[in-house]
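A.B. asks: Can you keep this structure in mind? I'll have questions shortly.
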Amino acid sequence: MTALDERTEVLTSRRLLDLVDTVIDTERLDLTASSLANATTDPEPRPAPLDVSRAWEAVDPASAPATLAAYRADWTRFTRWCVEHGRPALPAAPAVVAEYLTAVGRPAGSRACAPSTLVRWVSAINKVHLAHGMTPPGQSAPVRSILAEARQARDAGAPRSAPLALDDLRAMLAAIEPERAVWPTAVAARRDTALLLLGFAGALRRSELIELTLADVTIEPAVGLRIRGGGAGHRRDRPVRMLPFGQDPVTCAPCAWTAWRQILDAWDGADPAGGRRAVLVELHRRPGGERPGHVCRDAVLEPVGRDAPRAQRSLFPGVHRSGAIAGTAMTGEAVRKMVRRRAQGAGVTEPPGASLGAHSLRSGFITEALRRGADPRAVMAQTGHRDLAAVQAYAHRVAPPPADAVALLDL
Ligand SMILES: [Zn+2]
C-alpha cells in the first residue's frame, strides 16, 4: 500500500457523507460511450478502445464496499470531466490530472475541497491505472505538488497564520521573563515559555502541542529534550523530535521544560496543604527570575514513565489567573489566544492579512530554518511533512523565485 492509499483508508469513512451528492453517473457515461461506439462505422478491425466507464471493473475489489463505492464515484467524476473537456482519461497524463484537481477540486473563487478528498480522488485514478498495468499519474511531480499546496493551504488555516520570526519569539520570551518569579503569574509564565519553545523548536502542530502528556517528553543527558513520536491512526507517522540544549538559557527549550515541570510537579504533588503552597515553596526555592544560568542539566526531575500514574497528565493544561492549574489540556483556541497575547505583550506586530496563532510556531521554525540555509529534507525530519513540496512552498516564500525570467523580457 502506498502512503496515499493508507491515508485514504482512514479518511474514507469520514468522507462518506460527502458522497451523497456525488450520485454515480455511470449509466449516462455508458450511454455516451456506447453511442460513440455505434457511431463508428469504420470497417477496418481495430483493437477495441478501452471503455473508460467500465475501466473500473478491473480494480481489485478487495477494499471495503464503502471504500470501493467512494473510489468508484471518484473515478466516474474524473471520467465525466475528461469527456466534457476532451481529455483522455485512461491513460491520463499527469498534467491532465493536475488540471482536473485544480479545476474541480480547487476552483478559483469558490471553496476548495479538503486535501483528504483530493488525495482520495488521486488514489482512485491511480487504482484504475494500476489495474490496467499503466503508470499511476498521481505519483508524478505535478500532482504531488498540487496535493502539497492543498495541505499547505489547509495547515495555514484562514486567516493565514503568520510565521513567528525568531527575533519576535525572543522578544516574547524576554517580556515574559519578569513574570516568571512572581506568584501567581509565574505559573502561566513558565507554562507559556515552555509551550512557545517546544512548539517552535519542535515545529509541533497545534494538535500535537495540546495532546502532549508528561510521558511524551523526556530529557536525555548530553542531547536535550526528546518528544516522543508516533501515535495511533493518522498520528503514527509523527516523528520523534529532538530539542538540543540551547546556548542562551532564555531560549533553551530544555530549561523552559524543566522550570515548568518543577511547578507542575509541585502542584500535583502530595503536599497536604495543597498545590498552591507547594508551588510557592518551589518558587521560593528556585526563583529563576534572574536567570543565573541553565537549569536544564543539573535539575533532578522525577521521570514519568508510560505506566506512571501521571503519564497521561497534560503537559500544557489550562492555568487560572489565580495560579491554579487545571487537570485538562489547553484548548486549541486557548493556545492561539496565548500566542497572540504574548506577542502583543512584546510589541510584536502581525503582518497585514495574517494573524499569529499556534501554527505560527511551526511555520516560524520552518521559515527561520530555511532562511538560515537548512536543507529542506532536514526540516522535514523535524516537521514530519510527508512531501518535500510542502516544505519547499515555505522556501518560495522565504526567497521568491528570481525575477531574471521577467527581466529578460525587458518590459
Ligand atoms: Zn538550558
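The values are calculated or read from the model by the stated rules, or taken from the named source; none is laboratory data. As the structure is a computational prediction, the values presented were derived from the model and not from experiment. Cβ atoms come from the backbone with ideal geometry, glycine included; neighbour counts cover every protein chain shown. The accessibility values were calculated without ligands, DNA or RNA, using every heavy atom of the protein model including side chains. Shrake-Rupley method; radii C 1.70, N 1.55, O 1.52, S 1.80 Å.
A.B. asks: Give me the percent of the accessible area of the range 166-395 that comes from carbon and sulfur atoms, probe 1.4 Å, all protein chains in place.
C.D. replies: That share works out to 54 percent.
A.B. asks: Full-extension gain between Val300 and Ala112, please, as 0.36 nm times their residue separation minus the C-alpha to C-alpha distance.
C.D. replies: Answer, rounded to one decimal: 62.6 nm.
A.B. asks: Can you give the charge dipole size of the range 166-395 about its Cα centre, rounded to the nearest 20 debye, using +1 on the beta carbon of Lys and Arg and -1 on the beta carbon of Asp and Glu? Mind dumping the intermediate values first?
C.D. replies: On the way: 33 positive and 24 negative charges, 68 e Å.
In debye, rounded to 20, the range 166-395 gives about 320.
A.B. asks: Using modelled amide H (1.01 Å from N, peptide plane; none on Pro or chain starts), what sits under 5 Å from the amide H of Leu356, excluding residues fewer than 5 places away?
C.D. replies: So Leu356 has HN proximity to Ala162.
A.B. asks: Moving to a separate point now. At a Förster distance of 30 Å, what's the computed FRET efficiency of Glu57 paired with Ala95, Cβ-Cβ distance as r, to 0.05? Please report the intermediate quantities before stating the final value.
C.D. replies: Values: r = 27 Å, r/R0 = 0.88.
E between Glu57 and Ala95, to the nearest 0.05, is 0.70.
A.B. asks: A further question on this structure: Report the label-to-label distance for Ala311 and Ala354 in nanometres (one decimal), using points 7 Å from each Cα along the Cα→Cβ vector.
C.D. replies: Label-label distance for Ala311 and Ala354, simple model: 4.0 nm.
A.B. asks: Continuing with this model, one more query. So what J values fall out for the range 304-314 if you push phi through Karplus, 6.51 cos²θ - 1.76 cosθ + 1.60 with θ = phi - 60°, rounded to Hz, Gly and Pro as x?
C.D. replies: Computed from phi, the couplings for the range 304-314 are 10, x, 5, 9, 5, x, 9, 4, 8, 5, 4 Hz.
A.B. asks: For the range 166-395, what does the relative contact order come out to in percent, with C-alpha contacts under 8 Å and a separation of six or more? Walk me through the numbers on the way to the answer.
C.D. replies: Values: 331 pairs, mean separation 63.1, N = 230.
Over the range 166-395, the number comes to 27 percent.
A.B. asks: Over the C-alpha atoms of the range 62-188, what are the Rg and the largest Cα-to-Cα span, Dmax, in Å?
C.D. replies: Gyration radius and largest Cα-Cα distance of the range 62-188: 22.3, 71 Å.
A.B. asks: Averaged per residue, what accessible surface does the range 166-395 expose to a 1.4 Å probe, in Å²?
C.D. replies: On the way: 10370 Å² over 230 residues.
I get 45 Å² per residue for this part.
A.B. asks: Put +1 on the Cβ of each Lys and Arg and -1 on the Cβ of each Asp and Glu in the range 166-395; which of Gly332, Gly384, Ala171 then has its Cα farthest toward the positive end of the dipole?
C.D. replies: Checking the options against the dipole of the range 166-395, the answer is Gly332.
A.B. asks: Rounded to the nearest angstrom and ordered from largest down, what semi-axes does the equivalent ellipsoid of the range 166-395 get from its C-alpha gyration tensor (root of 5λ)?
C.D. replies: In descending order, the three semi-axes are 28, 20, 17 Å.
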